[in-house]
Amino acid sequence: MSRRFLSIGECMVELSQAGDGLLRKGFAGDTFNTAWYARACLAADWSVDYFTALGDDAMSDEMLAFINTSGIGTGLIRRIKGRTPGLYMINLKNGERSFSYWRDSSAARSLAADPDRLREAVESAEVVYFSGITLAILPHEDAETLLAEVRRAKAAGKLVVFDPNIRPRLWSSYDVMHTTISEGARSSVLVMPSFDDEAAHFGDDSIEATIHRYRALGAVDIVVKNGADGVTLNFAGEQTFVPAEKVEKVVDTTSAGDSFNGAFLSRYLEAGDAPAAARFAAKVAARVVSEHGALVVKEKLGLDGG
C-alpha cells in the first residue's frame, strides 16, 4: 500500500541566467523543491503529491504537466479561472542568489480558500509539509484555515513538518510574521529552521536558543540548518551535530535548504535514524549547490548506494 507525502505551497515560474543576456525558464518554489527532492530520494512505495492552486492559462497548463512528469501527484490542485502562476527571477553573484518576484496575483494565494479540498488533501497523507512562505502568501483567514488543518493532522498522529523559511518582504509586519510562524511551529511535529534566518529575525544568539524557542512552542523534533557550519538535530531532547559536506565550488545556493529537507525526510521516513538522514541530506545538498538551478536531476545527485 502506497504511503503519501504531501507538500503544500506555491510553485512558480523561474527565470534564471542563461548567459549572453538570455534567461532560462523553469518551475520551482520552496515547498515544490522539497517535494522534488523527496520524490527523487524516496522509495517507490511512497507517493509524493503537491497541493497548490493554479490558473487556467497556458503557463499553468505547462507547470501542471511538468509537475506530473516529475512523478509528483497533482490530483488535488485547484484551477482558478482568470488567474496565473507567480514568477521570479534569480540573480546570481559568486554563487549567492537574490530574487526579484512577481507574485501578487498568483493563483497559489487562494490554495486554502476551499477548506474541503484542503482537508481532503491533508487527510490523504501520512506526512504533511509546509513552510513560512506557504503561510506568508495567504490572506489571514486562509492562513488560519491551513493552520487549523495541520493542527488537526498533528493531533491525528501524522508527521507535520514545517520550515519557517523566513522572508520578511512577504509579510505585512514583523508582528504578524513572528506570530504566524510561531503558530506554524506550534502546529507541527518537526520544525526545520535555518539559523541565519532565526538569528536575523527572531534575535536568537545561538542554535540552542532556536531549539529552545521552538521546543517551547510545542515542536517535538527540530533540525537547525546552518549552511557550511553543518546541522544540529534535537530529537526527543537528544542533541546531535552533523557537519556539512565540503563543496569544491559553490555554483548556486538557490535550493540548498529545500534539497536538504527533501533528502532528510526521505531517509528519516524510511529508517527513523535522524543523524544518518542528516548525513545523507548533507551529501545531496552539496551536490545541489554545485549545479545551476533549484532542481537538479536525480542522475546528478549521486544517490546510488545511498
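With the convex hull of the Cα atoms taken as the outline of the stretch 96-235, the averaged projected area works out to 8.8 nm². The tail of the calculated P(r) for the stretch 167-284 beyond 21 Å holds 38 percent of all Cα-Cα pairs. Over the C-alpha trace of the chain, radius of gyration and Dmax come out as 17.8, 53 angstrom. Average accessible surface for the chain: 43 Å² per residue, computed with a 1.4 Å probe over protein heavy atoms with every protein chain in place.
With the convex hull of its Cα atoms as the shape, the stretch 44-169 has an orientation-averaged projected area of 9.1 nm². Across 265, 147, 76, mean-square fluctuation computed from a Gaussian network of the chain (C-alpha pairs under 10 Å connected) peaks at 76. Using all Cα-Cα distances in the stretch 102-165, what percent lands in each 5 angstrom bin from 0 up to the longest? That works out to 4, 19, 28, 26, 16, 5, 2, 0, in percent per bin. Within the accessible area of the stretch 128-250, the carbon and sulfur atoms contribute 52%, probe 1.4 Å, all protein chains present. When nucleic acids and ligands are ignored and a 1.4 Å probe is applied, residue 269 ends up with an accessible area of around 40 Å². Of the residues 100, 187, 290, the one that moves most in a GNM of the chain with alpha-carbon contacts below 10 Å is 100.
Summarising the overall dimensions of the stretch 224-306 from its C-alpha atoms, the Rg and Dmax are 12.3, 37 angstrom. Using the Cβ of residue 87 as centre and a radius below 10 Å, the other residues enclosed give a net charge of +1, where K and R count +1 and D and E count -1. For the chain, the number of Lys pairs with C-alpha atoms closer than 18 Å, counting only pairs eight or more positions apart or on separate chains, is 9.
The values are calculated or read from the model by the stated rules, or taken from the named source; none is laboratory data. The model shown is predicted, which means the values in this text are computed figures rather than measured ones. Don't worry about glycine lacking a Cβ; one is built from the backbone with ideal geometry, like all the others, and counts go over all protein chains shown. Accessible surface areas use protein heavy atoms only, side chains included; no ligands, DNA or RNA. Shrake-Rupley method; radii C 1.70, N 1.55, O 1.52, S 1.80 Å.
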